[in-house]
1. Of 110, 136, which residue is more than 19 Å from the chain's Cα centre (by Cα) and among the basic types (Lys, Arg)?
2. Select from the range 307-320 the residues that are part of a strand (DSSP E or B), of a type in the set (A, V, I, L, M) and surrounded by 15 or more Cβ atoms within 10 Å (Cβ to Cβ) and list them in ascending order.
3. I want to confirm something. Restricting to the range 176-216 and keeping residues that are modelled with pLDDT under 90 and open to solvent by 40 Å² or more (accessible area, probe 1.4 Å), which single residue is farthest from residue 66 (Cα to Cα)?
4. Please state which one of 340, 317 is in contact (Cβ under 8 Å) with a residue 60 or more places away in the chain and either within 22 Å of residue 413 (Cβ to Cβ) or acidic (Asp, Glu) (or both).
5. Filter the range 199-250 down to the residues that are polar (S, T, N, Q) and within 23 Å of the chain's Cα centre (by Cα), then identify the one that is farthest from residue 310 (Cα to Cα).
6. Consider residue 370 against the criteria (1) in a strand (DSSP E or B); (2) acidic (Asp, Glu); (3) under 19 Å from residue 126 (Cα atoms): it satisfies all of them except one. Which criterion is unmet?
7. Residue check: is residue 150 within 27 Å of residue 53 (Cβ to Cβ) and either within 26 Å of the chain's Cα centre (by Cα) or modelled with pLDDT under 90 (or both)?
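The values are calculated or read from the model by the stated rules, or taken from the named source; none is laboratory data. These numbers were taken from a predicted model, which means no experiment stands behind them. Methodologically, a virtual Cβ is constructed for each residue, glycine included, from the backbone with ideal geometry; neighbour enumeration extends over all protein chains shown. Just so you know, the surface numbers come from the protein's heavy atoms only, side chains and all, with ligands and any DNA or RNA stripped out. Shrake-Rupley method; radii C 1.70, N 1.55, O 1.52, S 1.80 Å.
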Amino acid sequence: MLVFLAGVISWVAFRSRPVAGPLTHADKVDRLARERAARAEPWADARAARVSGRVTAKDSGAPILGAVVLLRNQRIDGGAGLRPGHAPAPLLAVSDSDGRFVLPSVSPGRYLASASAATFVPADKSDVGVAPGSERNDIDFALDPGGNLLSGVVSDIGGGAIAGVLVSAKNESEGSILRLVRPAYAALSDGEGRYHLQLGDGVYSVAAEHADYVAGHDQITVRGGGQTLDFRLLPAASIRGRVLARTSEAPVAGALVTVQGGESGERGTWTLARLFPTPVVTDDQGRFALAGLGSGTIRLSAVAPGHATMKPLAVDVGVAEQVSDVTLWVDQAFKVSGFVVGDGPERKPMAGILVGAMDMRQRRPVIAREPSEADGYFEIWGVRPGSYVGLAAGEGAMPNVMATNFSVTDHDVTDVLFVMSAGATLSGRVEPAGVARVGLKVNGTKLGFNNLIAGAAAATPPTAVTPMRRLASMAETS
């Protein structure tokens with residue numbers, strides 16, 4: 001709702017002064033035609049690739065043994081890392097005595113890569129492109145010594161140690177809350193359930209994940225010394241079932257099944273990405289298997305090209321219960337697609353923007369299955385007939401709400417174009433040097449009727465954290 005309101009305000013404030021002039025209907029038709037003609041569908045080929053590299057110490061060039069390398073698909077839904085019928089498994093490798101690592105089967109896509117090792121500050125690569133059937137052997141990391149040690153023990157509810165738990169930390173104090181996917185730095189628990197993870201200063205959301213347990217989540221501030229964080233995990237429930245089309249009772253392959261609900265005890269920093277849980281993709285028989293579920297009422301939804309659930313299916317599960325033979329019915333729905341561009345003179349494509357839409361009568365938002373691609377392309381599956389107002393948000397752009405409208409009747413819509421404004425960036429330095437959370441506060445004494453909306457819009461960007469990256473006092477400016 002905050003993003004929605006911010007978008008409404010910014011749209012009203014900025015729509016009267018576009019950078020490149022108003023976009024006419026003819027301009028829109030021409031731009032969409034050119035984008036469609038240039039689009040090459042780069043990931044239509046699903047052949048797996050091989051990714052490898054080396055992890056070394058930056059100061060000496062010596063190989064690092066035991067570094068954990070983690071790949072995360074930049075798509076919010078987990079992307080090509082999904083295996084039909086099953087929950088996605090993490091893409092990780094451990095370096096050998098020569099510092100080398102290999103990931104032999106990586107689906108095509110755009111990834112965030114990270115490397116973590118004891119006594120070294122972790123490092124990441126923000127955009128690793130993996131082409132179908134390719135071999136990338138250049139994913140190298142040179143780590144600086146130092147950092148703060150985050151350590152702890154992962155155990156079950158009986159106190160027994162759990163080995164092989166993936167403990168990952170994401171720095172939530174870097175970038176805005178609109179950043180959809182962040183690099184994660186990872187470690188694996190040993191036979192005694194102990195893990196050790198070296199981190200730079202920051203506010204981190206930390207997760208402990210294992211296929212047989214409900215994931216544990218917490219938040220911790222790391223700065224100037226070691227920290228201890230233990231996890232006690234509950235045995236997980238599971239659900240197996242099929243997605244079927246209601247009219248034909250035929251299985252629906254390639255549907256995205258998402259889960260909400262269940263008692264997981266998750267807490268930590270709010271991010272936009274946490275609103276959209278990673279789905280499971282159905283196999284060619286429409287089958288799906290959901291693991292790692294907490295107890296309670298689980299709500300299942302599914303979308304696919306031409307199909308969507310009209311109402312989430314509620315399934316009650318107990319602790320570690322295994323539920324099977326669940327049928328998730330989907331009805332006819334449509335696909336909305338188009339492009340996201342900037343408002344500059346060249347209207348360059350914008351990647352990483354999450355697009356959605358809302359039908360005010362249905363009060364049910366629909367969200368794109370992934371952020372916009374490198375050429376700005378997006379797809380929204382499972383859209384029912386209705387009149388929609390567009391929603392678009394992402395790091396580095398002002399939210400776009402209500403400036404883009406479209407209607408869905410009885411066919412797919414392919415001509416939606418979002419134009420995004422970059423807005424302004426405010427930067428500076430806090431003296432004396434130290435950690436502070438910096439935000440904006442509107443000076444109400446200088447607001448009149450003409451600049452009321454613009455002034456309110458100025459207060460909508462997320463707060464920032466000074467480079468030492470730790471929660472502290474709030475600094476206000478007007």
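1. Residue meeting the stated conditions: 136.
2. Passing the criteria: 308, 313, 315, 317.
3. Looking at the filtered set, the residue picked out is 177.
4. Among 340, 317, only 340 is in contact (Cβ under 8 Å) with a residue 60 or more places away in the chain and either within 22 Å of residue 413 (Cβ to Cβ) or acidic (Asp, Glu) (or both).
5. Ranking the qualifying residues of the range 199-250, first place goes to 221.
6. Result: residue 370 passes all but (1).
7. yes
For every residue, the table says whether it meets (1) crowded, with 19+ Cβ neighbours inside 10 Å; (2) out of contact with any Asp or Glu (no Cβ under 8 Å at 6 or more places or on another chain); (3) modelled with pLDDT of 75 or more.
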position: 370; (1), (2), (3): yes, no, yes
position: 386; (1), (2), (3): no, no, yes
position: 391; (1), (2), (3): yes, yes, yes
position: 400; (1), (2), (3): yes, yes, yes
position: 405; (1), (2), (3): no, yes, yes
position: 416; (1), (2), (3): yes, yes, yes
position: 423; (1), (2), (3): no, yes, no
position: 431; (1), (2), (3): no, yes, yes
